[in-house]
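**Student:** Structure incoming, see below.
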Amino acid sequence: MKRTEDFFIPENKVKLEKELDYSRVDEYIRSAEAFSRSTYQSVYIIDYFKQNFLYVSPNPMFLCGLTPEEMKELGYRFYLEYVPEDEQEVLLSLNEAGFTFYNKVPLKEREICSYHNS
């Protein structure tokens, strides 16, 4: 079985000397909530600095019977407890490939990039 640490690879670790400014995080969460209401897709915001979820949409297909609050509390343990082990390998591969690609995109172009599953 994988460990939650396996999802936080060198390519997605946030290393800063001081705490991030979270003063605007509520704006991003409200935007995600609005977007979530307009789609059947699962929407979530990952905080790679604190290695947790800032927002989880209430999509019952994604939550495996949990509430968004329960999933946020589980954090990345959600993947270990609810995703079959062979599929965890796929998630880890996607995670690495996505961040390897993203880190190759020039800084000025990153704001137009998005990562999503379809």
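The values are calculated or read from the model by the stated rules, or taken from the named source; none is laboratory data. Worth saying up front: this structure is predicted, and the values here are computed from it rather than measured. Every residue, glycine as well, gets a Cβ built from its backbone with ideal geometry; the counts of neighbours run over all protein chains shown. When the accessible area is computed, the model is the full protein with side chains, heavy atoms only, and any ligands, DNA or RNA have been set aside. Shrake-Rupley method; radii C 1.70, N 1.55, O 1.52, S 1.80 Å.
**Student:** Which residue is nearest to GLU81 (Cα to Cα), if the candidates are limited to segment 1-26 and must be of a type in the set (Val, Ile, Thr) and at pLDDT 80 or above? Please lay out each step first, then the result.
**Tutor:** Residues of segment 1-26 that are of a type in the set (Val, Ile, Thr), as a first pass: 4, 9, 14, 25.
Add one more test, that the residue is at pLDDT 80 or above, and what stays is 4, 9, 25.
On the way: THR4: 10, ILE9: 20, VAL25: 28 Å.
Out of the qualifying residues, it is THR4.
**Student:** Sticking with this one: Determine whether ILE29 is touching a strand residue (DSSP E or B) at 6+ places or on another chain (Cβ under 9 Å), at pLDDT 85 or above, open to solvent by less than 60 Å² (accessible area, probe 1.4 Å) and in a helix (DSSP H, G or I).
**Tutor:** Numbers: touching a strand residue (DSSP E or B) at 6+ places or on another chain (Cβ under 9 Å): yes; at pLDDT 85 or above: yes; open to solvent by less than 60 Å² (accessible area, probe 1.4 Å): yes; in a helix (DSSP H, G or I): yes.
Spelling it out, ILE29 is indeed touching a strand residue (DSSP E or B) at 6+ places or on another chain (Cβ under 9 Å), at pLDDT 85 or above, open to solvent by less than 60 Å² (accessible area, probe 1.4 Å) and in a helix (DSSP H, G or I).
**Student:** Just give me the residues in segment 37-64 being farther than 22 Å from VAL83 by Cα and at pLDDT 90 or above, in sequence order.
**Tutor:** Scanning segment 37-64 gives ARG37, SER38.
**Student:** Report every pair of residues separated by at least 6 positions or lying on different chains whose Cβ atoms are under 8 Å apart, first residue within segment 51-64 and polar (S, T, N, Q), second in a strand (DSSP E or B).
**Tutor:** Taking only residues 6 or more apart or on different chains, the pairs are ASN52/ILE46; SER57/TYR44.
**Student:** Return a yes/no flag: does segment 11-22 have any residue that is in contact with a strand residue (DSSP E or B) (Cβ under 9 Å, 6 or more places away or on another chain) and of a type in the set (A, V, I, L, M).
**Tutor:** yes
**Student:** Quick one: is PHE78 in a helix (DSSP H, G or I), modelled with pLDDT under 90 and either in contact with a helix residue (DSSP H, G or I) (Cβ under 8 Å, 6 or more places away or on another chain) or within 19 Å of ARG3 (Cα to Cα) (or both)?
**Tutor:** Numbers: in a helix (DSSP H, G or I): yes; modelled with pLDDT under 90: no; either in contact with a helix residue (DSSP H, G or I) (Cβ under 8 Å, 6 or more places away or on another chain) or within 19 Å of ARG3 (Cα to Cα) (or both): yes.
Against the criterion (in a helix (DSSP H, G or I), modelled with pLDDT under 90 and either in contact with a helix residue (DSSP H, G or I) (Cβ under 8 Å, 6 or more places away or on another chain) or within 19 Å of ARG3 (Cα to Cα) (or both)), PHE78 does not qualify.
**Student:** Can you tell me how many residues within segment 1-40 are of a type in the set (Lys, Arg) and more than 22 Å from GLU96 (Cβ to Cβ)?
**Tutor:** Going through segment 1-40 one residue at a time, the tally reaches 4.
**Student:** Let me ask another. Just for segment 43-84: of the residues that are within 11 Å of the chain's Cα centre (by Cα) and among the polar types (S, T, N, Q), which one is most open to solvent (accessible area, probe 1.4 Å)?
**Tutor:** Filtering segment 43-84 for residues that are within 11 Å of the chain's Cα centre (by Cα) and among the polar types (S, T, N, Q), the one most open to solvent (accessible area, probe 1.4 Å) comes out as GLN51.
**Student:** Now for a different question. Restricting attention to segment 43-70, report how many residues are farther than 26 Å from LYS18 by Cα, out of contact with any strand residue (DSSP E or B) (no Cβ under 8 Å at 6 or more places or on another chain) and assigned to a loop (DSSP other than H, G, I, E, B).
**Tutor:** 6
**Student:** In addition: With the condition kept exactly as written, say whether any residue in segment 87-107 is surrounded by 12 or more Cβ atoms within 10 Å (Cβ to Cβ), part of a helix (DSSP H, G or I) and touching a Ser or Thr at 6+ places or on another chain (Cβ under 8 Å).
**Tutor:** Among the residues of segment 87-107, not one is surrounded by 12 or more Cβ atoms within 10 Å (Cβ to Cβ), part of a helix (DSSP H, G or I) and touching a Ser or Thr at 6+ places or on another chain (Cβ under 8 Å), which makes the answer no.
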